[in-house]
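Notes follow the structure.
The values are calculated or read from the model by the stated rules, or taken from the named source; none is laboratory data. Computed from a predicted model, the values in this text were never measured in an experiment. Backbone-built Cβ (ideal geometry, glycine too); neighbour counts: all protein chains shown. Just so you know, the surface numbers come from the protein's heavy atoms only, side chains and all, with ligands and any DNA or RNA stripped out. Shrake-Rupley method; radii C 1.70, N 1.55, O 1.52, S 1.80 Å.
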Amino acid sequence: MKLLKNKRIYTGERVISDGYIRFGREIAEVGEMREFTAREEDQEIVSDGTILIPGFIDVHSHGGYGMDSMDASPEEISGMVNKMARNEGITTYFCTTMTQTYANIERAMENIGAAARMNPIIQGIHVEGPFISEVFKGAQDSSYIKKPDEKALEKWNELSGGLIRLVTYAPEEADAAFEQWCKEHAVVLSAGHSNAVYQELEHSQASHVTHLYNAQRGLKHREPGVTGFGMLMPQVKAEIICDGIHIVPEMVKLAYRVRGSEGIELITDSMRAKGMPEGLSELGGQKVYVKDGTARLEDGTIAGSVLTFDKAFRNMMEFTGAAPEEAVRMSSVNQAREFGLKKKGGLEEGMDADILVMDAEFGLMQTISLGSLA
């Protein structure tokens with residue numbers, strides 16, 4: 001068994017101030033150092049890192065390191081995800097598509113499905129578009145926007161091997177048949193790129209909000225909108241792009257104070273330019289310019305992010321004053337629970353050995369994915 005010891009451990013359920021973890025592909029034992037007994041078969045991993053937390057779960061990311069899930073080959077997608085594990089601590093990943101032609105989306109579904117068969121870090125697909133509102137299209141190409149279509153979604157799910165876990169949609173454009181199909185197939189409905197009013201959202205099946213504050217009907221004093229829905233509904237999980245660009249720190253703090261760590265999920269919403277030199281890039285067939293850590297279309301619209309997940313994790317604590325155990329909840333625990341990833345999102349016996357080794361300032365030092373160093 002591999003061994004990490006003399007570490008401060010945030011398991012997702014408890015904090016162990018001085019503890020150890022024994023693991024193979026799964027975690028075999030977690031405990032306090034005062035209860036530790038050395039074993040002959042122990043293979044200690046030596047590290048200067050002093051903190052252990054669960055691997056990050058990113059349920060909304062289009063790509064990075066020069067690749068995009070919409071047009072990359074299975075091998076390229078798998079390689080991209082491995083870089084995300086090694087460089088930023090993502091050990092569970094939902095490949096995210098966007099508004100494009102049905103043919104392009106179908107090809108992406110096949111490629112992502114093939115990539116998932118070769119790389120277990122890929123645990124799902126987030127369909128972001130084309131079932132959105134033109135009013136809040138954001139950096140999506142309006143010429144490909146369609147009405148929510150459960151038959152198309154069913155075909156895409158079959159092509160991917162049943163990987164669709166999350167779909168962003170405009171509830172005001174959807175009918176009951178679309179929502180019912182998602183419910184029957186355990187696909188979480190997320191209100192996003194939506195112009196829905198609060199009353200419409202209350203009567204919808206949405207239980208998630210895509211990138212809170214961004215590309216949605218905002219919070220007004222006489223109409224709470226999509227943002228108000230994400231703030232006020234206790235059963236709804238709200239995504240946050242915590243880069244200080246999409247949302248200024250004060251508004252991140254507001255969301256945290258209203259929802260607490262139980263209601264927020266950190267995401268990157270990253271695009272292919274993450275991890276690459278600044279300059280010209282591309283998103284969904286549109287030119288993107290990356291400058292000073294911000295990705296924008298030619299008209300100035302923010303186009304995804306170049307945010308790394310470990311930076312989002314540290315930003316959340318810096319912007320809000322959240323405790324590390326709360327940041328762990330927002331970076332892995334909530335996602336695992338929402339999407340039924342029972343072996344993910346924690347460092348307890350029987351769970352997958354997805355472990356991040358960090359320094360005292362929560363800088364990432366090592367990523368362990370399913371028991372192996374990334």
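Points to keep in mind about this one:
- Residue-wise HN-Hα coupling along region 41-57, computed from phi with Karplus coefficients 6.51, -1.76, 1.60 (Hz; x: Gly, Pro): 7, 4, 10, 6, 8, 8, 8, 6, x, 10, 10, 10, 9, x, x, 6, 10
- Annotation: the antiparallel percentage among DSSP beta bridges lying fully within the chain is about 55.
- Full extension of the chain segment joining residue 35 with residue 110 gains 22.1 nm, where the gain is 0.36 nm per residue of separation less the Cα-Cα distance.
- 3J(HN,Hα) couplings calculated from phi for region 306-314 with the Karplus curve 6.51 cos²θ - 1.76 cosθ + 1.60 (θ = phi - 60°) are, in sequence order, 10, 6, 8, 5, 5, 5, 4, 4, 5 Hz; Gly and Pro show x.
- With all protein chains kept in place, the per residue accessible area of region 107-222 amounts to 42 square angstrom at a probe of 1.4 angstrom.
- Cα gyration tensor, region 79-215 - rounded (a/c under 1.5), prolate or oblate: prolate
- Spin-label pair residue 13/residue 44, simplified geometry with 7 Å Cα→Cβ offset, distance in nm: 2.8 nm
- Long-range HN-HN contacts of residue 99 with modeled amide H, under 5 Å: 141
- For the chain, the longest principal axis of the Cα atoms and the long axis of helix 74-88 meet at an angle of about 60 degrees.
- Packing-based ranking, highest mean first, of 223-229, 10-16, 239-245 given that Cβ atoms within 10 Å are counted: 239-245, 223-229, 10-16
- For the chain, calculated [θ]222 nm from helices alone, where every DSSP H run of n ≥ 4 adds -39500 (n - 2.57): -7500 deg cm²/dmol
- Amide N proximity, region 80-109 versus residue 372 label position 7 Å along Cα-to-Cβ, cut-off under 18 Å: 80-93
- A DSSP coil position with no more than 16 other Cβ atoms inside 10 Å describes the following trypsin sites (Lys or Arg not before Pro) in region 19-55: 25, 39.
- The H on the amide N of residue 288, modeled in the peptide plane, is under 5 Å from the matching H of 281, 282, 283, each at least 5 residues off or on a different chain.
- Across the chain, C-alpha contacts under 8 Å between residues 6 or more apart give a mean separation that, scaled by the residue count, equals a relative contact order of 21 percent.
- Positive contributions from Lys and Arg (+1) and negative ones from Asp and Glu (-1), summed over other residues with Cβ under 15 Å from the Cβ of residue 303, come out at -4.
- Three-way shape call for region 233-273 based on the alpha-carbon gyration tensor, with the a/c threshold at 1.5: oblate
- Rounded to 5, the percent of DSSP beta bridges in region 1-124 classed as antiparallel: 60 percent
- Rounded to 10°, Cα long-axis angle of helix 102-118 versus longest principal axis of the chain: 10 degrees
- Sparse-neighbourhood loop sites, GluC sites (Glu not before Pro) in region 32-86 - DSSP loop, at most 12 other Cβ within 10 angstrom: 40, 41
- Counting 0.36 nm for each residue step from residue 186 to residue 202 and taking away their Cα separation leaves a gain of 3.8 nm.
- All other residues whose Cβ lies under 10 angstrom from that of residue 333 are scored, Lys and Arg at +1 and Asp and Glu at -1, for a net of -3.
- Region 188-202 - phi-based ³J(HN,Hα) in whole Hz, Karplus 6.51/-1.76/1.60, Gly and Pro as x: 6, 8, 10, 6, x, 6, 10, 9, 5, 8, 4, 5, 4, 5, 4
- In this structure, the amide hydrogen of residue 295, modeled 1.01 Å from its nitrogen in the peptide plane, lies closer than 5 angstrom to those of 303, 306, counting only residues at least 5 positions away or on a different chain.
- Whole-percent carbon and sulfur share, accessible surface of the chain, 1.4 Å: 47 percent
- Radius 15 Å from Cβ of residue 155, net charge of other residues (Lys, Arg +1; Asp, Glu -1): -3
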